[in-house]
Structures are given as structure tokens and as C-alpha cells.
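Notes for the one structure printed next.
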Ligand SMILES: [Zn+2]
């Protein structure tokens, strides 16, 4: 197998491992007695995660005690169900995560989101690997905004709608570290916001909310670890860019990202899903 683009960063509480997944960076937080997988990754990332855990961490896959599906896109939700099936690693997500793809329109959205992933693959000339995954995750733990990860209570789930309505970030206040997932993307020319932003007005609020957290380092799914002059302005300076003028091609692409029944907060299927999720969350708390 080819070389792994891998590095690690030590903090007083854990060692953070970073390596290239299929189209995104993968992060593991390693503690003496357990490992946290910070995202759901792509389905095709499972072999590289296994390899890093064995070769770099010299640990067993069973030491991973939790994975977090931060939002339903294929590079953040495809690997977690495979890891759960193979190694019994439980999944945590925002309680409404599965409502994003509910019903017929949700299924359309699910298919389009996977095609969009393929577009990234073609554009960046990566080898073809399947990104198809089941649209519903059925997370083992459902959390609301601000709740702490089970077994990893130094990490908090922060609900930041905008990219999708169910996007969440992970915040570690002890290490002042924030996993921003797709909220910020680092390109050679600097930081940009993700595409699509399905709800610009919610993205503005999410950026302002995150700017209030005390943060000295950020982790980007598309950009990696970054700790140079991280300040609230990094987030607030993006607010004027949440609703940019789109090219015709991007307008067409955006049209394909607006199918989720959750976007308009209505529809029988969505109401049903929301009710079910609220009940399962309450019964598990
Ligand atoms: Zn995404």
C-alpha cells in the first residue's frame, strides 16, 4: 500500500492523529485507554483507518470507543456504519441527523449528495471508489446542541446549521480545540466557506456562535490541523461571504442540494421523523 500522509499533534489530554482519507482528512483523538474517531468518514476510508490504528498508534480497532457522524454527507457518514458493523464502534450524531434524508425527497437528496461527491472526485482526479452508503445512520446516541460525547466528556457537540440543517462541530474546551468539519475549508488562497450553503441566514448565526468559543486550534475536514492566530475574526470575517453570487454551473448544482424535506421544516415525513427522534432522545437521557 502507498505511503500514508500522516502526522500527529500532542495536547496535554490526548494525541491527535491526522491522515488523508479518500476526499477528507481523518482525525483520531488517542487517550491512554480509548480512542475517539472525530467523524463518520467515507466508506472507503475503513482500510486506511485500520492501517493507521495498527501501524502508527500500535493499538487495536476495538480501542476506538466512539465515532461521530457530524452531518449526513458521504464523506462524513459513510464509514461509521461499516466500522460499527465490523468492530461494534457505536455512533453518536445530532438527534435530527437522519431527518435530513427522510422520505422520497430525502432519498433524492441522498443520491444527489453522493453524485456531488463524485464530482469532487473527478475534479480532483482521484481514483474512483464507491461512496454509496445507506441514507439513515440510526445512531446509537442522539445528542442535542451543547451535549457532551458519551465516554468523551471533554468533547461537546455544537449544532451549526447552514451547510445542512443538521451540521455539528466538536469542541474541546480543555484544549481549546474545535473540529470545524466543513464550516471552514482551507485552500491555497485562504479560507473559504463550504458549498453548498443551503441556509445562509442560519450559517451567519452559526459563524457568530462559533466565534464566541475560546479556540486556539482548529481541525478542518478539508484543510487539516491549523493553529496560527486562530481568533474570533476567522469566523466573523466569513459572515459577509455566506450568500455569494454563484456562477450558472454552481446555481445548477445548488438546485440539486435543496431537496431535503428538512429545509422548509415541513412535510409529514419530516414531522414524523422529528417526533420519533425527540422521543428516542428523551428516552435515552
Ligand atoms: Zn458536507
(Q) Being free of Cβ contacts under 8 Å to residues at least 60 places away in the same chain, touching a strand residue (DSSP E or B) at 6+ places or on another chain (Cβ under 9 Å) and not in a loop (DSSP other than H, G, I, E, B) is the filter here; which residues of region 230-285 pass it? (A) 234, 235, 241
Q: Considering only residues that are on the phi > 0 side of the Ramachandran plot and modelled with pLDDT under 95, look in region 224-265 and name the one that is surrounded by the fewest Cβ atoms within 10 Å (Cβ to Cβ).
A: 229
(Q) I need a count of the residues in region 116-160 that are more than 16 Å from residue 42 (Cβ to Cβ) and in contact with a strand residue (DSSP E or B) (Cβ under 9 Å, 6 or more places away or on another chain). (A) 22
Q: Report, by residue number, each residue of region 199-214 that is touching a helix residue (DSSP H, G or I) at 6+ places or on another chain (Cβ under 8 Å) and crowded, with 21+ Cβ neighbours inside 10 Å.
A: 207, 210
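The values are calculated or read from the model by the stated rules, or taken from the named source; none is laboratory data. Everything quoted here is computed from the prediction, not taken from an experiment. Every residue, glycine as well, gets a Cβ built from its backbone with ideal geometry; the counts of neighbours run over all protein chains shown.
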